[in-house]
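**Q** Submitted below is the structure of interest, expressed as structure tokens.
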Amino acid sequence: MKIKERIKNIVLALLIISSVCLTLNIWFDKKLWPDGYNFFSDITQKIFGQKVLKNSGSLSKEKLALPKQLVVNNASKRSIFYETDEAYDTIITPVKSIFIIALTSDNYTKSTSDEWNSALKAKSIFVSYPVAYDSEVLGNILGVQKVKTGSMTIRDFIISQGDIASSSLYVYIRDYTDQSIKKCSVRYDKKEFENLLTRYAGSTTGDLPYSFELNFDKINSDSQNVTISPDVVLSINRTRHSSLYSINPVFSRSNEDFDSETVDTILKKFSFNINTARKYTEPDGAIVYVENYGSIKIHPSGYFEYKAIAPDKGVSLPVDADADFNSIFTASLNFVTDFWTGVVPQSELNLSLTGDIVNKSLSDVEFTMNYYINGTLIRDDIQNALTGEISPYALTMNVSNGKITAYKQLIRIYYTGDTDIENISTIEALDKLFASKDDLKNTNVREIFPAYFNDGGTYAITYAAKSDSGKTVLIK
């Protein structure tokens, strides 16, 4: 009996100590489990085998290595595939393998725009990334130790079957900055490549023409004041997209108040002390927190802004003082992922880079991102109440010498509905663009792509056009 009593006393003592420790954790605002961990969801999954929604998205290099668009050409047949298409995974595997071989090739020669256009129409796969990358950065993303293309800015490339008599494929890489083109031969199983084209090029080329096939790359009338880059793929037919909805996890309209836990997490991610930061509310309802080295303004819309008082007082990224661009780039992406996981742990991260990654020699860099869903851009523009200026980006991040000096983000969860909405064809969008008096007049458009936009609280679908200068407009 004495042994049993002793065991009971020990267990009781351990329970008391455990309760005290948990109480202290709560008092000092410490979490009982790591960010993003849900004890009850974890137990449910283990016991009942239920699949619990978790944050599966990230801004990893693996995700960035995935092109936005694959155009499979087989002479008279042509199809476009995006990351969400079922066949994409099958096509991208050989595409990446061939491209990596090309990046390490020594046999580059100069090519021409006419040869590029011919390759587009022939048996080939035209590959486009969502942004342009410095060749070394893109090589790092793909795991290539030394890129041998020379200094280039790469967004597009073509894998062509080339000469029938040759045992090699041709890879054409275009410099996004000066439009110069290089070509190299790559040894690959041509039969396997041709089978890929035969299997996946399904639509007629008339339904998906390139701009140069319709002469939209040339000004051919007084009414056409805009040219379209030759390799922009145009859709003759209208398309259907899922309806789109969103949730603001920062501010509750029903309670007319901010979610305290979400706000606290935002502050913590930027190393603000919740208990000591000075707080005040602005006339438009935004709350502002100020500390010695910076400030955070959170708007009821879910948009927030962080700003350091000086470049050397920003939030430090986990990089060395002499870190190269690739290290800073990776650390910045990890920060965005970690931030999202902490603030909205049960929702997938649907952010992707929008701005080109080309100025890798600069100590001060800016990263811009937008939300995407099923591969389609979402434009939920933010208008500055004071200046009236509209920001087309969901996230802007400024980094100086390994420190975050400014950070702006619209925190919003997007999801698709059960109904579809119809988008006009690219040709109809071009008619609107040609007739428009927008700033893209008398310029060349490099990209045209579908985009959702917030139309007074509901989401509609249209096209966005991006010019040579990088300006992007919604075609309405």
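**Q** Which whole-number value in Å² is the accessible area per residue of region 352-476, probe 1.4 Å? It would help to have the intermediate numbers written out before the result.
**A** On the way: 5620 Å² over 125 residues.
Result: 45 Å² per residue.
**Q** Taking the Cβ of Leu410 as the centre, find all other residues whose Cβ is under 12 Å away and add up their charges (Lys, Arg: +1; Asp, Glu: -1). Provide the component values of the computation, followed by the final result.
**A** Values: positive: Arg379, Lys408, Arg412; negative: Glu305, Asp380, Asp381.
It works out to a net charge of 0.
**Q** How large is ³J(HN,Hα), in whole Hz, for each residue of region 463-470 in order, when computed from phi with the Karplus curve 6.51 cos²θ - 1.76 cosθ + 1.60 and θ = phi - 60°, using x for Gly and Pro?
**A** Using θ = phi - 60°, the values come out as 10, 10, 10, 10, 8, 4, 7, x Hz.
**Q** Quick check: net charge around Gly143, other residues with Cβ under 11 Å of its Cβ, Lys/Arg +1 and Asp/Glu -1?
**A** Numbers: positive: Lys61, Lys96; negative: Glu62.
Here the count lands on +1.
**Q** Can you give the FRET efficiency to the nearest 0.05 for Asp85 and Ala323, using r as the Cβ-Cβ distance and R₀ = 41 Å?
**A** My answer for the efficiency is 0.65.
**Q** Quick one: P(r) of region 378-476 from all Cα-Cα pairs, 10 Å bins, percents rounded to integers, in order of increasing distance.
**A** Cα pair-distance distribution for region 378-476, in percent: 12, 37, 33, 15, 2.
**Q** For region 248-326, state which trypsin sites (Lys or Arg not before Pro) are in a DSSP loop and have at most 12 other beta carbons lying within 10 Å of their beta carbon. Walk me through the intermediate numbers first.
**A** On the way: sites: Arg253, Lys268, Lys269, Arg278, Lys279, Lys297, Lys307, Lys313; in loops: Arg253.
Loop-located and lightly packed - Arg253.
**Q** Does region 109-228 come out rounded, prolate or oblate, given a ≥ b ≥ c as the square roots of the eigenvalues of its C-alpha gyration tensor, rounded meaning a/c under 1.5 and, failing that, prolate meaning a/b above b/c? Let's see the in-between values first.
**A** Working: a/c = 1.92, a/b = 1.19, b/c = 1.62.
Oblate shape, in that a/c is at least 1.5 and b/c is the bigger or equal ratio.
**Q** Shifting gears a bit: What percent does the relative contact order of region 298-441 come to when contacts are Cα pairs within less than 8 Å and at least six residues apart? Don't jump to the answer; show the numbers that get you there.
**A** Details: 182 pairs, mean separation 41.0, N = 144.
Relative contact order comes out at 28 percent.
**Q** Consider a paramagnetic label point 7 Å from the Cα of Asp284 along Cα→Cβ; state which residues of region 291-307 have an amide N under 14 Å from it.
**A** 297-306
**Q** Continuing with the same structure: Shape verdict for region 312-365, please, from the Cα gyration tensor: rounded (a/c under 1.5), prolate (a/b greater than b/c) or oblate.
**A** oblate
**Q** Right, here's the next one. What's the extension gain from Gln383 to Tyr245 if we count 0.36 nm per residue and subtract their Cα-Cα distance? Don't jump to the answer; show the numbers that get you there.
**A** Values: separation 138, 0.36 × 138 = 49.68 nm, distance 2.00 nm.
Result for the pair: 47.7 nm of gain on full extension.
**Q** Pull out a ≥ b ≥ c, the square roots of the eigenvalues of the alpha-carbon gyration tensor of region 269-352, then state rounded if a/c is under 1.5, prolate if not and a/b is larger than b/c, and oblate in the remaining case. Could you put the intermediate results ahead of the total?
**A** On the way: a/c = 2.34, a/b = 1.33, b/c = 1.76.
Because a/c hits 1.5 or more and a/b fails to exceed b/c, region 269-352 counts as oblate.
**Q** Let me confirm the definition first: pairs of Lys residues in region 347-476, 8 or more apart or on different chains, C-alpha distance under 30 Å. How many are there?
**A** Value for region 347-476: 19.
**Q** Taking 8 Å as the Cα distance limit and 6 or more residues as the minimum spacing, I'd like the relative contact order of region 98-195 as a percentage. Walk me through the numbers on the way to the answer.
**A** On the way: 182 pairs, mean separation 32.2, N = 98.
The normalised contact order for region 98-195 reaches 33 percent.
**Q** Compare the peptides 402-414, 207-219 by average per-residue count of other Cβ atoms within 10 angstrom and give them in order, highest first.
**A** Values: 402-414: 20.4, 207-219: 17.8.
Peptide ranking by packing, descending: 402-414, 207-219.
**Q** Which three extents, in whole angstrom, do the alpha-carbon atoms of region 197-252 cover along their principal axes, largest first?
**A** Its Cα atoms span 53, 40, 17 Å along the three principal axes.
**Q** Might you tell me the accessible area per residue for region 78-144, computed with a 1.4 Å probe and given in Å²?
**A** Averaged over the residues of region 78-144, the accessible area is 40 Å².
**Q** Same structure again: Ignoring ligands, DNA and RNA, what percent of the accessible area of region 189-289 is carbon or sulfur (1.4 Å)? Walk me through the numbers before you get to the answer.
**A** Values: 2500 of 5500 Å².
It is 45 percent, rounded to a whole number.
**Q** Still on this structure, I have one more. Any aspartates and glutamates with Cα under 16 Å of the Lys121 Cα? List them, leaving off those in the same chain fewer than 8 positions away.
**A** Asp156, Asp163, Glu194, Asp207, Glu213, Asp217, Asp231
The values are calculated or read from the model by the stated rules, or taken from the named source; none is laboratory data. As the structure is a computational prediction, the values presented were derived from the model and not from experiment. Glycine also receives a Cβ, built like all others from the backbone with ideal geometry; neighbour counts cover every protein chain displayed. Ligands, DNA and RNA are stripped out before the accessible areas are found, and what is left, the full protein with its side chains, is counted by its heavy atoms. Shrake-Rupley method; radii C 1.70, N 1.55, O 1.52, S 1.80 Å.
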